[in-house]
Amino acid sequence: MLDAIVIGLGAMGSAALCQLARRGQKVAGFEQFGLAHDQGSSHGASRIIRMAYYEDPAYVPLLRRSYELWRQLERDTGEPLLHLTGGLMLGPAGSAPVRGSLASAREHGLDHEVMDAAETGRRYPPLHLAAEEIALLDPEAGYLNPEACLGALARQASGSGAELHWQEPVEAWEVDEPNGCVVVRTGRGRYEAGRLLLCGGAWMPKLLEPPGLPLTPTRQVMAWFAPAANAAAFAPDRFPIYIWQPEGELAFYGFPATGAASEGVKVARHAVPDPCTADSVDRQIRASDIEAIRTRIARRIPDLNGRLLAAKTCMYTMTPDAHAILGFHPRHERVLVAGGFSGHGFKFAPVIGKILADLALEGRTRHPIALFSPRRF
Ligand SMILES: Cc1cc2nc3c(=O)[nH]c(=O)nc-3n(C[C@H](O)[C@H](O)[C@H](O)COP(=O)(O)OP(=O)(O)OC[C@H]3O[C@@H](n4cnc5c(N)ncnc54)[C@H](O)[C@@H]3O)c2cc1C
């Protein structure tokens, strides 16, 4: 009999498994694929992390803790994970990224700088803002390498005594109330534990019993381009991460050149409303996927509009309000749910792991999670 079982060893599940093992729990994690695979939501070489959070100022305390925990994981594993570049939130003054990040910066007294279009262009020559657009600079922003992060979490979990079951899909789970446990079945065995954590990413709708929670996986595409000119201007010590919300359009975002020159510079549209299921998502890249990205960079970052070097699909699991669902399963107190990270969860993984461990062991957490209550729907 285990203390806890975690289903899904992506970002959230690995972090939770790690925390539980470090607190002396006998735990096992199950993953249908291998370590840091590219079929879910946690691949593609880079994930933005930023402090002046436009989605809601309530995220800032969680971000402070996440930064500390990523740095601690770096120290513990000797693996560089978090790279600070600064970050620009771009768009008209009333756009969500600019207005929201300014609100968070003011509420929490965060360092920030507001620049007009001309000043932004002088400091970051590849960026061509429309006259009415402005920039908020978040000096604490940067990026994480998701594959390196998952590797570090898995090593730390197994070093702390967790069992990691790769390539072992969970076929069914149930709560056995009379015996006070949960039962998990895979093709290889039957496992019992006191607690179950569902961390299935885009597979959550399948893992949750009906009536389920409002979780909608969506297909997203990330692309890597070779700069057409001024490649040196995209170096990480000169070029920041950015999120750009032009008037009346979906936001797009990108990174500096985080890898070798041959890997190019990554850019993507944010939260494209393209519902899918995790098992049937179309992973082929279509000409229209790339065209939609090129249209944005042709106008705003023309130096980046060079040869397409790579493109990959990924999934966001959306909730109606784009805040995650984190807490106890509405019908089973032995089961915890962590899903619906709505395309912005990666940066929070270590603090989500702590929160899940708190809930599993103590039934509550001191971290602010009201925003994520499963009961709000
Ligand atoms: C293109 C893209 C860009 C993004 N950019 C950012 C960003 O810049 N910053 C940011 O913070 N976030 C970003 N995100 C969001 C972030 O990556 C996700 O919120 C986060 O990775 C979700 O983690 P997860 O653990 O919920 O899902 P995953 O990492 O996908 O893990 C779920 C795991 O569960 C496994 N699983 C499911 N069902 C079973 C089963 N029955 N048995 C065994 N295993 C199972 C899956 O195989 C999978 O490995 C982005 C996402 C995408 C797709």
Of (1) over 18 Å from residue 207 (Cβ atoms); (2) of a type outside the set (Gly, Ala, Ser); (3) surrounded by 23 or more Cβ atoms within 10 Å (Cβ to Cβ), residue 317 satisfies every one except (1)
Cβ pairs under 8 Å, 6+ apart or interchain, first in segment 152-172 and free of Cβ contacts under 8 Å to residues at least 24 places away in the same chain, second assigned to a loop (DSSP other than H, G, I, E, B), ordered by first then second residue, are 171/187
**Message:** Yes or no: segment 232-242 includes at least one residue that is closer than 19 Å to residue 41 by Cα, open to solvent by 20 Å² or more (accessible area, probe 1.4 Å) and among the hydrophobic types (A, V, I, L, M, F, W, C).
**Reply:** no
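For segment 204-224, which positions are in a strand (DSSP E or B) and of a type outside the set (Gly, Ala, Ser)? Step through it out loud before you land on a result.
We begin by selecting, within segment 204-224, every residue in a strand (DSSP E or B); these are 216-224.
Within segment 204-224, 216, 217, 218, 219, 220, 221, 222, 224 qualify.
So, in segment 344-373, of the ones that are basic (Lys, Arg) and within 16 Å of the ligand (Cβ to nearest atom), which residue ends up nearest to residue 198 (Cα to Cα)?
Applying the first criterion (basic (Lys, Arg)) to segment 344-373 yields 347, 354, 364, 366.
From what's left, within 16 Å of the ligand (Cβ to nearest atom): 347, 354.
On the way: 347: 19, 354: 15 Å.
If we take residues in segment 344-373 being basic (Lys, Arg) and within 16 Å of the ligand (Cβ to nearest atom), then 354 is nearest to residue 198 (Cα to Cα).
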With the first residue restricted to segment 57-71 and required to be touching a residue at least 12 places away in the same chain (Cβ under 8 Å), and the second required to be open to solvent by 60 Å² or more (accessible area, probe 1.4 Å) and assigned to a helix (DSSP H, G or I), Cβ contacts under 8 Å at 6 or more apart or on different chains are 57/107; 58/370; 60/107
Residue 183 meets each of (1) in contact with an Asp or Glu (Cβ under 6 Å, 6 or more places away or on another chain); (2) in contact (Cβ under 8 Å) with a residue 60 or more places away in the chain; (3) of a type in the set (A, V, I, L, M, F, W, C) with one exception, condition (2)
Restricting attention to segment 298-325, the residues that are in contact with a Leu (Cβ under 7 Å, 6 or more places away or on another chain) and within 16 Å of the ligand (Cβ to nearest atom) number exactly 4
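Answer yes or no as to whether residue 278 is open to solvent by less than 60 Å² (accessible area, probe 1.4 Å), touching a Cys at 6+ places or on another chain (Cβ under 7 Å) and closer than 30 Å to residue 356 by Cβ. Step through it out loud before you land on a result.
On the way: open to solvent by less than 60 Å² (accessible area, probe 1.4 Å): yes; touching a Cys at 6+ places or on another chain (Cβ under 7 Å): no; closer than 30 Å to residue 356 by Cβ: yes.
Spelling it out, it is not the case that residue 278 is open to solvent by less than 60 Å² (accessible area, probe 1.4 Å), touching a Cys at 6+ places or on another chain (Cβ under 7 Å) and closer than 30 Å to residue 356 by Cβ.
Yes/no per residue for (1) more than 6 Å from the ligand (Cβ to nearest atom); (2) closer than 22 Å to residue 219 by Cβ; (3) among the aromatic types (Phe, Trp, Tyr):
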{"residue": "12", "(1), (2), (3)": "no, yes, no"}
{"residue": "16", "(1), (2), (3)": "yes, no, no"}
{"residue": "27", "(1), (2), (3)": "yes, no, no"}
{"residue": "31", "(1), (2), (3)": "no, yes, no"}
{"residue": "35", "(1), (2), (3)": "yes, no, no"}
{"residue": "40", "(1), (2), (3)": "no, yes, no"}
{"residue": "45", "(1), (2), (3)": "yes, yes, no"}
{"residue": "48", "(1), (2), (3)": "no, yes, no"}
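Please specify each residue of segment 326-343 satisfying the condition of being more than 10 Å from the ligand (Cβ to nearest atom), surrounded by fewer than 24 Cβ atoms within 10 Å (Cβ to Cβ) and in contact (Cβ under 8 Å) with a residue 12 or more places away in the chain. Walk me through how you get there before you give the answer.
To start, the set of residues in segment 326-343 that are more than 10 Å from the ligand (Cβ to nearest atom) comprises 326-337.
Going one step further and asking which of them are surrounded by fewer than 24 Cβ atoms within 10 Å (Cβ to Cβ), we end up with 327-335.
Correct list: 327, 328, 329, 330, 331, 332, 334, 335.
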Those strands (runs of 3 or more DSSP E) completely within segment 162-203 that have 2 or more residues that are hydrophobic (A, V, I, L, M, F, W, C) and either surrounded by 14 or more Cβ atoms within 10 Å (Cβ to Cβ) or at pLDDT below 95 (or both) are 170-176, 181-186, 190-198
>> Being of a type in the set (A, V, I, L, M), closer than 23 Å to residue 375 by Cα and more than 16 Å from the ligand (Cβ to nearest atom): is that true of residue 175 here?
In response: yes
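The values are calculated or read from the model by the stated rules, or taken from the named source; none is laboratory data. Note that the structure is predicted; figures quoted are calculated from it, not measured. Here Cβ is always computed from backbone atoms with ideal geometry, including for glycine, and neighbour counts include all displayed protein chains. Keep in mind that these areas ignore ligands, DNA and RNA; they rest on the heavy atoms of the full protein, side chains included. Shrake-Rupley method; radii C 1.70, N 1.55, O 1.52, S 1.80 Å.
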